[in-house]
Amino acid sequence: MKGTSCLVTIIYPGFNLSRSMHPLENNLLHAYYGFQPLTAYLSVNYLDRFLYSRRLPQTDGWPLQLLSVACLSLAAKMEEPLVPSLLDLQVEGAKYIFEPRTIRRMELLVLGVLDWRLRSITPFSFTGFFACKLDPAGAYTGFLISRATEIILSNIKEASFLEYGPSSIAAAAIRE
């Protein structure tokens, strides 16, 4: 997959979440775990960057689900004040259930492939800036940021993280 955009469906435990993420699925992630939208975005970003650099032995089944759980766990550890246990990240409906030590080993593999660079600049880093530029009085800034967040998450399937700059994605979402 090196050099190509990763257009795969990622199975997060219990949810289909990925390049085909729908705002409802992000709401499910938020409702189930209480996660911020940035956590969902980062988990897909980590997975996309991993698959850009490394090929999985098979593109569906347990390796992809394990990678998905590991990326979600890493994103949660980076952004969330309270992170569920590794067993709790694997909700009902998951096809495979992994032991915590297996997930931790996959996390280490992901960290190695990403050179431990998890502090990604995301479109969320720019939405506040662009919203203030568009609405200097601040009357609609909250609405603009909220709407841009919905647009960014619902278009993950359209915009490869590796193809467009985060500021371009944020500007397009704010202007939408």
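All of the numbers you see were taken from the coordinates with simple rules; none came from a lab. Because the structure is a prediction, the values reported are computed rather than measured. Heads up, the Cβs are rebuilt from the backbone with ideal geometry, glycines too, and the neighbour counts pull from every protein chain shown.
Based on alpha-carbon positions alone, could you give the equivalent ellipsoid semi-axes of the range 65-128 from the gyration tensor, as √(5λ), descending, whole Å? Each step should come with its number before you reach the end.
On the way: eigenvalues 104, 45, 20 Å².
Values for the range 65-128, descending: 23, 15, 10 Å.
Full-extension gain between Ser125 and Ala139, please, as 0.36 nm times their residue separation minus the C-alpha to C-alpha distance. Present the calculation step by step, with values, prior to reporting the outcome.
Working: separation 14, 0.36 × 14 = 5.04 nm, distance 2.02 nm.
Length gained, Ser125 through Ala139: 3.0 nm.
Percentage of Cα-Cα pair distances in the range 33-176 greater than 17 Å, rounded to whole percent?
Roughly 63 percent, rounded to a whole number.
Counting Lys +1, Arg +1, Asp -1, Glu -1, what net charge surrounds Asp135 among other residues with beta carbon under 13 Å of its beta carbon?
Working: positive: Lys133, Arg147, Arg175; negative: none.
Computed value for this residue: +3.
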